[in-house]
1. Can you name every residue in the range 301-320 that is in contact (Cβ under 8 Å) with a residue 40 or more places away in the chain, away from the ligand (no atom under 16 Å from the Cβ) and not in a loop (DSSP other than H, G, I, E, B)?
2. For the subset of the range 131-169 comprising residues that are surrounded by fewer than 24 Cβ atoms within 10 Å (Cβ to Cβ) and assigned to a helix (DSSP H, G or I), which member is farthest from the ligand (Cβ to nearest atom)?
3. Which one of the conditions (1) over 24 Å from residue 55 (Cβ atoms); (2) in a helix (DSSP H, G or I); (3) in contact with a helix residue (DSSP H, G or I) (Cβ under 6 Å, 6 or more places away or on another chain) does residue 172 fail to meet, given that it meets all the rest?
4. Can you tell me which residue is farthest from the ligand (Cβ to nearest atom) among those in the range 83-103 that are over 16 Å from residue 264 (Cβ atoms) and in a loop (DSSP other than H, G, I, E, B)?
5. Take the conditions in a helix (DSSP H, G or I) and within 16 Å of the ligand (Cβ to nearest atom) and apply them to residue 334. Does it pass?
6. Does at least one position in the range 104-115 carry a residue that is under 30 Å from residue 182 (Cα atoms) and in contact (Cβ under 8 Å) with a residue 12 or more places away in the chain?
7. Name the pairs whose Cβ atoms lie under 6 Å apart, with the first residue in the range 274-300 and farther than 17 Å from residue 30 by Cα, the second in a loop (DSSP other than H, G, I, E, B) and within 16 Å of the ligand (Cβ to nearest atom), and 6 or more positions between them or separate chains?
8. Within the bounds of the range 14-28, is there any residue that is at pLDDT 95 or above and over 16 Å from the mean Cα position of the chain (by Cα)?
Ligand SMILES: [Mg+2]
């Protein structure tokens, strides 16, 4: 089976970080406030050196690092411990001061106490914390040397389920991964929503019992495991309907959150992030700028737009100067290399402005994520708090 190119893998990983960094300054602002603060069209590039990202990129790295550390084949048993560990590393990190979602923080607090994950999770939360971090699942190789479509789907849902137990959080995470996989494989953006609808219908009654265990029993949305997960897919299909309507209008000027939702919940973050890509399928920077100039959860929306854009266009989508300045550049580079190496391919970073990166990467670049850090909270979550509203949280 043909595997996506290394440049698409790295393009998606860096893309999510660029979107996150661009949206970091615009989250919680109205479009008018954004344009007033960053005249005349909003922020044009990630700010600063390093250009700081938020919890979206931090947790995407946590998911990616757990996938790379886990024993194979992937099962709930082999993946749970690495996921717990990297989530707790993030939870305890002094760098976890970027408006983290309350759902993730609360679940990590329970995981730290040793609680079973299906009890630690918030069964009522379908916040976008479930899928803002899921992109690395799409980078796993497919086929004989990798994962099947169903294993990938189960992993996408399982990583969400550790913190966000609502079925729509699970389904939207699965759909987000399916989107990135499609684009990594060169799928035509023009009929992508149609393919995603087919995927959603195919998955709609598949409850991954080997992975999700008794999770569905804690929910009140359905009386069976199949009904539980179908509830989530139905909500994803409904937001795909809204995406279709928005794409017929092709309105590049209006706030995208008015069309497909503000993104505080997972299926809306997915749809609005995808809308911004599909409004500018051939203009990567315009796509993530549109996502960042939005009234809702701008960093998570732009993070997902960046992952979609980078998967489709590859690393060449992004200016070398951005690659040079982005926070966690070494970790992003190393993880891109490691995911690409699973396909027997290397990756290098382009100019102009960017220094070439040789592989294998340095030991220092590989080891930073594994350090246990003293528990320090340097900041408090801003409002609106992510994850505090049952069924409408992120
Ligand atoms: Mg964030």
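The values are calculated or read from the model by the stated rules, or taken from the named source; none is laboratory data. Values in this document were obtained by computation on a predicted structure and should not be read as measured data. Don't worry about glycine lacking a Cβ; one is built from the backbone with ideal geometry, like all the others, and counts go over all protein chains shown.
1. 308, 309, 310, 311, 312, 313, 315, 316, 317
2. 144
3. Every listed condition holds for residue 172 apart from (1).
4. Narrowing the range 83-103 to residues over 16 Å from residue 264 (Cβ atoms): 83-98.
Going one step further and asking which of them are in a loop (DSSP other than H, G, I, E, B), we end up with 93-98.
Values: 93: 14, 94: 17, 95: 13, 96: 11, 97: 11, 98: 6 Å.
Once the filter is applied, the top-ranked residue is 94.
5. Numbers: in a helix (DSSP H, G or I): yes; within 16 Å of the ligand (Cβ to nearest atom): no.
Here the answer is no, as residue 334 does not meet what is asked.
6. Let us first name the residues in the range 104-115 that are under 30 Å from residue 182 (Cα atoms), namely 104.
Checking the rest, the ones that are also in contact (Cβ under 8 Å) with a residue 12 or more places away in the chain come to 104.
Taking every residue of the range 104-115 in turn, at least one turns out to be under 30 Å from residue 182 (Cα atoms) and in contact (Cβ under 8 Å) with a residue 12 or more places away in the chain.
7. Final answer for the pair search is none.
8. Within the range 14-28 (the criterion being at pLDDT 95 or above and over 16 Å from the mean Cα position of the chain (by Cα)), the answer is yes, since at least one residue qualifies.
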